[in-house]
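In what follows, a structure is listed as structure tokens, so that the remarks can point back to it.
Just so you know, all these numbers are worked out from the coordinates, no wet-lab data involved. These numbers were taken from a predicted model, which means no experiment stands behind them. All Cβ positions, glycine included, derive from the backbone under ideal geometry; neighbour counts span all protein chains shown.
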Amino acid sequence: MAVTRQDVRLSEAFRRFDQANAEDPNTETVDGTEHPKELLYAQRMTATLEEFTPEASDEVRLAVRCQHIRRWTIPRETYPDGREGYRRWRSDLARFHADTAASILAEVGYDQESIARVSVLLRKERLKSNPEVQLLEDVACLVFLGHYLPAFVEKHESTKVIEVLRKTWPKMSDKGHTAALRLDWDAKTRPLVEAALSSSS
């Protein structure tokens, strides 16, 4: 199969995104090997998308790969405590991710229409009405539930975990719910998921 210019651009964009995320000073150890946290997150996002919706558009694939690009440069602790501070942090992060990705995509050769679509995705605009934004949200939730929830369970009280799960579940589509329920949680995590879903039904 011939390699197209579109394939070359996508591969180069991924390489640039990964190069940026490889600079993350924070690490996560998997099977005895340390990985930059945001690089590992990006790879998990791509793997989950490929399993969940392999026919996704290039714009979704790009947004999935760079959703947390250079996130560590805007720490949560630089914002006030509480819900308002958290919302400001998340809003500023979304704009930062979109702007950072847009700059890389322009350098790689993407047109403004494609860059705008990726930016809309990264800013999570029109969730529930834009199918591609919903797809990105599903993938992000599945990555959290599949890769990060057990560690979250170990660090927090059950009531906190159930609260987070009850807020996460409505963000997902029916297809996302089906995929989530197939995840292989450990014996400590699964009962909390079941409790959260029972209490929200």
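Here are the numbers:
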quantity: Relative contact order computed over the chain (Cα-Cα under 8 Å; 6+ residues apart), in percent; calculated: 18 percent
quantity: Lys, Arg +1 and Asp, Glu -1 on Cβ, resulting dipole of the stretch 1-129 about Cα centre, debye, nearest 20; calculated: 560 debye
quantity: Listed pairs K37/K171; K128/K155; K37/K167; K37/K155; K37/K128 exceeding 22 Å between Cα atoms; calculated: K37/K171; K128/K155; K37/K167; K37/K128
quantity: Protection-proxy order for peptides 145-152, 76-83, each taking the mean of Cβ atoms within 10 Å per residue, highest first; calculated: 145-152, 76-83
quantity: Separation in nanometres of the label points that stand 7 Å from Cα toward Cβ, at D58 and K175; calculated: 2.1 nm
quantity: Net +/- balance of residues flanking L49 in space, Cβ distance below 13 Å, scoring K and R +1, D and E -1; calculated: -4
quantity: Mean Cα-pair separation over length for the stretch 4-107, i.e. relative contact order, pairs under 8 Å, 6 or more apart, %; calculated: 27 percent
quantity: Amide proton proximity set for T27, modelled H, under 5 Å, gap of 5+; calculated: K37
quantity: Neighbour net charge for L105 - beta-carbon separation under 13 angstrom, K R +1, D E -1; calculated: -1
quantity: Relative contact order (%) - criterion: Cα under 8 Å, at least six apart; region: the stretch 42-91; calculated: 31 percent
quantity: ³J(HN,Hα), Karplus 6.51/-1.76/1.60, whole Hz, each residue of the stretch 176-181, x for Gly, Pro; calculated: x, 4, 4, 5, 5, 5
